[in-house]
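Take a look at the structure below.
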């Protein structure tokens, strides 16, 4: 008997502005839906200036059968510090939270406890900083925050901003395995695996990949990436 699998995607929207310098939320949503994931972790989901309204409008998401998870952001923002999650309505939400992260620029992470086809799952969305030492500090802060929560199979997803193999990040990911679905940046000719996942205990990787077909190559400077996870075999 085969185990159930669950697909999660991660996508840096670049505020829905493509290489053609056009803000096209409808195009961004088309890319999101092409990932085939019922749960999508987003970065740069809000416009830059306060009150940081959503670059991907709430009403557009709802019209296409998506639900934005609530993270307590003010002013119509989609998430927290640009990080957001959207899901199909057949998934269940137990709890949501956000985490403040250290660094030269404001950073945050979002965390959701969900009911999924593979059972209870905690998903944490992140967008780490451009400077390596701050990336390490931010990831260390996330791991410490997770230790204070009830244990649950956990997946980290987002823009790790790491051009190399990620050994420094893996060193602070105690109990997690850093996964690269492939090069995702820059989207027309990707060379860097900036967008990644980290899989915690109780989960195994079934498959992974980056969406390279049109319009993903023009809709943002990042390609969306996805991972299929399954529960560990007993």
Handout entry: Estimated inter-spin distance, residue 232 and residue 88, nm [label 7 Å along Cα→Cβ]
Key = 2.8 nm
Problem - Order of 80, 19 under a 10 Å beta carbon neighbour criterion, fewest first - result: 19, 80
Fill in the blank from the handout: the stretch 152-225 and the stretch 88-150 have their Cα centres apart by a whole-number Å value of 15 Å
Completion exercise
Exposure proxy check on 134, 11: fewest-to-most Cβ neighbours within 10 Å is 134, 11
Fill in the blank from the handout: Listed residues 31, 40, 172; largest mean-square fluctuation, Gaussian network over the chain with Cα springs below 10 Å, found at 172
Handout entry: More than 21 angstrom apart: percent of Cα pairs within the stretch 123-234
Key = 37 percent
Completion exercise
The extension gain from residue 5 to residue 207, computed as 0.36 nm times the residue separation minus the Cα-Cα distance, is 71.8 nm
Practice task
Quick one: grab the alpha carbon gyration tensor of the stretch 123-168, order the square roots of its eigenvalues as a ≥ b ≥ c, and give me rounded if a/c is under 1.5, else prolate or oblate depending on whether a/b is larger than b/c.
Solution key: prolate
Completion exercise
For the stretch 6-231, percent of DSSP beta bridges that are antiparallel (nearest 5) comes out at 80 percent
Completion exercise
Taking R0 as 45 Å and r as the Cβ-Cβ distance between residue 59 and residue 149, the FRET efficiency 1/(1 + (r/R0)^6), rounded to the nearest 0.05, comes to 0.90
Handout entry: Debye-sum result for the stretch 1-113 in log10 I(q)/I(0), which assumes one identical scatterer on each alpha carbon, at q = 0.11, 0.22 Å⁻¹
Key = -0.35, -1.31
Completion exercise
Between the modelled labels at residue 22 and residue 189 (7 Å from Cα along Cα→Cβ) the distance in nm is 2.4 nm
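Laboratory data are not the source of any read-out in this text; all were calculated from the coordinates shown. Because the structure is predicted, anything quoted here is derived from the model rather than measured. Note that we place each Cβ from the backbone using ideal geometry, even for glycine, and neighbour counts take in every protein chain shown.
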